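The values are calculated or read from the model by the stated rules, or taken from the named source; none is laboratory data. All values reported here derive from a predicted model rather than from experimental measurement. Note: ideal-geometry Cβ built from the backbone for every residue, glycine included; neighbour counts use all protein chains shown. Side chains are part of the model used for accessible areas, which takes the heavy atoms of the whole protein and leaves out ligands, DNA and RNA. Shrake-Rupley method; radii C 1.70, N 1.55, O 1.52, S 1.80 Å.
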Amino acid sequence: MRKTIERNKKIYSQRITSILQLDKGSVFFYWKGRVALYALLKSIDIGENDEVVMPGLTCVVVPNAVIYLKAKPVYVDVSIETCNPSFENIISAVNERTKVIIVQNTFGLSSDVDRITQWAKRMGIYTIEDCTHGFGGTFKGKPNGSYCDAAIYSTQWNKPFSTGVGGFSIINNELLTNSVQQVNKGLISPTVLESLQLKVLIVAYKILINNSTYWILLSLYRWLSKVGLVIGSSSRNEISRVLMKSNYFKSASGTQYSVGIKNISMLSTYLKHRKINAEKYSQFLKKHGKYYVLESLHRNHSFLKYPILVRDREEFMKKAEKNRIKIGDWFISVLHPAYPPFEHWKLNIKLLPNAKYLSEHLVNLPTDVKDINKVVKFLEGNLSNILNFNELKSLGFNEQKLEG
Ligand SMILES: *Cc1c(COP(=O)(O)O)cnc(C)c1O
């Protein structure tokens, strides 16, 4: 048993390093991606009076990991084109207390990672790439995660490939390896019950998530959440306040290795499929003068989702559901999926006008559907609700900026 787990871990690790084109170095596995981030931050030894610079449009578990270590998250406003902060905005948020800069591939999109990492290195600031959306994608020809000192990845349900829940980190800066190993000594193991629950969930998910059961399950899930019988991948402790649970710092289980080996083999197929679908969305949106993911970003992009902007999101989502189109709701809050007020996270929304705008108008088109024409047809019927470039110019959206 123990031996099988160790063997699986090794194989899984090799598959990951091969996709990321790492010649050497280790992969560190955790129960979730957020735990991988926490381990990295702890190994860098951040604490009181330290600041961690991050995008002002992210998942709430990112600032949580920083706050658990008593450091301060500093949020940087994003550009509309990439849903990420620009180099210039990042450096203006840095001061002598900044210990770490977190860069993110939002929906698979990255921005200025090369410039940010080069600059940070000169300044003696660590960089961590949040590649939870972008595993398998590249930035300027190099795999997501290869620019920074370290990177985290997630294998939660909706991420590039899944092990139910799960995550890992890779280290590019060898100086960090030792301290991560030290920090990892504090990991607790998942209980037998937790491992079992995960196994059951993975099997149930596989059986139930097909098109005909999806909508029934969605209503069931909503009802169960409403009456408080299920929790999603984040708990109340994580999204309505900042409280570190005693069993937060948890290692991966054998299930995650064995499922990981199987599902990572599907990644290249998924990526190809997503890219083809995304091209179709782009062509359609471009033809109609609507906001779309710029072509220069396509080359790098893993297209976990396809972000578009709509005027009236509530109406758009309602109609989509009626038409049985699976529209994603990621980043409909600047600290997804937490809601204002954000005082627990020390976030002042007034300082993040673009992130705020995006969080109010973003919807995510599915890239993993078989019948994309159905989605395109739906878009066609709702064109007037989709925002166009002119409407975004006042926010600095620049079609030319990233082309070429
Ligand atoms: C999903 C996600 C995470 C955390 O991943 P988990 O495996 O769920 O902990 C971190 N950052 C971003 C941007 C994410 O979307």
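Quick one: length gained pulling Ser251 to Lys287 fully straight, 0.36 nm per residue minus the C-alpha distance?
Full extension from Ser251 to Lys287 adds 8.2 nm.
What spacing in nm lies between the two simple spin-label points modelled at Thr177 and Ala204, each 7 Å away from Cα in the Cβ direction?
4.1
For segment 28-77, what class follows from the C-alpha gyration tensor (a ≥ b ≥ c being the square roots of its eigenvalues): rounded when a/c is under 1.5, otherwise prolate if a/b is larger than b/c, else oblate?
Oblate, because a/c is 1.5 or more while a/b does not exceed b/c.
Too long at a 24 Å Cα-Cα cut-off: which of Lys142/Lys356; Lys32/Lys185; Lys24/Lys140; Lys3/Lys262; Lys9/Lys199; Lys140/Lys206?
Lys142/Lys356; Lys140/Lys206
With the Cα gyration tensor of the chain giving a ≥ b ≥ c as the square roots of its eigenvalues, does the rule (a/c under 1.5 for rounded; else a/b larger than b/c for prolate; else oblate) give rounded, prolate or oblate?
rounded
What value does segment 56-189 have for Rg/Rh, both radii from Cα atoms and Rh as Kirkwood defines it?
Ratio of gyration radius to Kirkwood radius for segment 56-189: 0.94.
Per residue, how much accessible surface does the chain expose to a 1.4 Å probe? Answer in Å², no decimals.
47
Tell me, what % of the accessible area of the chain is carbon and sulfur with a 1.4 angstrom probe?
With neighbouring chains kept in place, the figure for the chain is 53 percent.
Sticking with the crude label model, points 7 Å out along Cα→Cβ, report the distance from Glu314 to Leu196 in nm, one decimal please.
Placing both labels 7 Å beyond Cα along the Cβ direction yields 4.5 nm.
So if each residue of separation counts as 0.36 nm, and I subtract the Cα-Cα distance between Glu380 and Ser92, what length gain in nm does that give?
Here the segment from Glu380 to Ser92 would lengthen by 99.6 nm.
How much FRET efficiency would the formula 1/(1 + (r/R0)^6) give for Asp371 and Trp157, where r is the Cβ-Cβ distance and R0 is 25 Å, rounded to 0.05?
Rounded to the nearest 0.05, the efficiency is 0.70.
Modelled label-to-label distance, Leu217 and Met123, 7 Å Cα→beta-carbon offset: nm?
Taking the two extended label points, one gets 4.4 nm.
Suppose R0 equals 30 Å; then what is the FRET efficiency for Ser189 and Ser265 from their Cβ-Cβ distance, rounded to the nearest 0.05?
Plugging the Cβ-Cβ distance into 1/(1 + (r/R0)^6) gives 0.70.
With every protein chain left in place, what is the accessible area of Lys70 in Å² (1.4 Å probe, nearest 10)?
The accessible area comes out at roughly 130 Å².
Rounded to two decimals, what is the ratio between the C-alpha radius of gyration of segment 142-225 and 2.2 N^0.38 Å?
Computed over Cα atoms of segment 142-225, the ratio equals 1.48.
Please sort by residue number the trypsin sites (Lys or Arg not before Pro) in segment 117-183 whose DSSP state is loop and whose Cβ has at most 14 other Cβ atoms within 10 Å.
Lys140
Classify segment 223-327 as rounded, prolate or oblate, taking a ≥ b ≥ c as the square roots of the eigenvalues of its Cα gyration tensor: rounded when a/c is under 1.5, otherwise prolate if a/b is larger than b/c and oblate if not.
oblate
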